[in-house]
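These notes are about the structure you will find just below.
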Amino acid sequence: MSGAENDAAMFDEATLRVFRGGPEGGEPVDYRVPIAPGMVVLDALHSIQAHQAPDLAVRWNCKAGKCGSCSAEVNGRPRLTCKTRMDSLPRDFLCASPGSKCIRSMPCRAANC
């Protein structure tokens, strides 16, 4: 990849639709996030938390695909956000926690816990 192509890739953007709410309900909210080569969904969620929504709860532990604490539903499929590369997804996608009771924002407690 040439320097110009690499620079263009670093300023590419994606839209993440993240569920925001609490036990009483909520709704998806769209966030535009700059993406860089090698970026994973967890990095994008951390970017949202750092720059757009500091109250967004993001659950993670190892960032190595071992613990499963960063699991979420990405475009209807259960995924580890620390291992799901942004370049493997469409530029607009949904990220939410599946089959769980919502506590606040995105992270949720498993319904069977």
Amide H of Ser69 versus every other amide H placed in the peptide plane: which residues, excluding those fewer than 5 positions away on the same chain, fall under 5 Å? Asn61, Cys62
For the stretch 29-42, Karplus-derived ³J(HN,Hα) couplings (6.51, -1.76, 1.60; θ = phi - 60°; whole Hz; x for glycine and proline) come out as 10, 8, 10, 8, 10, x, 10, 10, x, x, 6, 10, 4, 4
Return the distance in nm (one decimal) between the two label points of a simple spin-label model at Arg17 and His51, each offset 7 Å from Cα along Cα→Cβ. 2.2 nm
Mind listing the long-range amide H neighbours of Val29? Cut-off is under 5 Å, sequence gap 5 or more, other chains count too, H placed in the peptide plane at 1.01 Å from N. Val18, Phe19, Arg20
Please compute the length gained on full extension between Ser88 and Asp30, using 0.36 nm multiplied by the number of residues separating them and subtracting their Cα-Cα distance. 19.0 nm
Exposure proxy order (Cβ contacts within 10 Å, fewest to most) of Leu45, Leu16, Leu56: Leu56, Leu16, Leu45
Short version: ³J(HN,Hα) in whole Hz for each residue of the stretch 57-73, in order, from phi by Karplus 6.51 cos²θ - 1.76 cosθ + 1.60 (θ = phi - 60°), x for Gly and Pro, what are they? 8, 10, 9, 6, 9, 8, 6, 10, x, 9, 8, x, 5, 8, 5, 7, 8
Tell me which residues come under 5 Å, amide H to amide H, from Asp92 once H is placed; ignore anything under 5 positions away on its chain. Thr15
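Quick note: the coordinates plus some simple rules give every number you see, no bench work behind them. Since we're looking at a predicted model, the values are computed, not measured. When we count neighbours, we look across all protein chains shown, and the Cβ atoms used for this are built from the backbone with ideal geometry, even at glycine.
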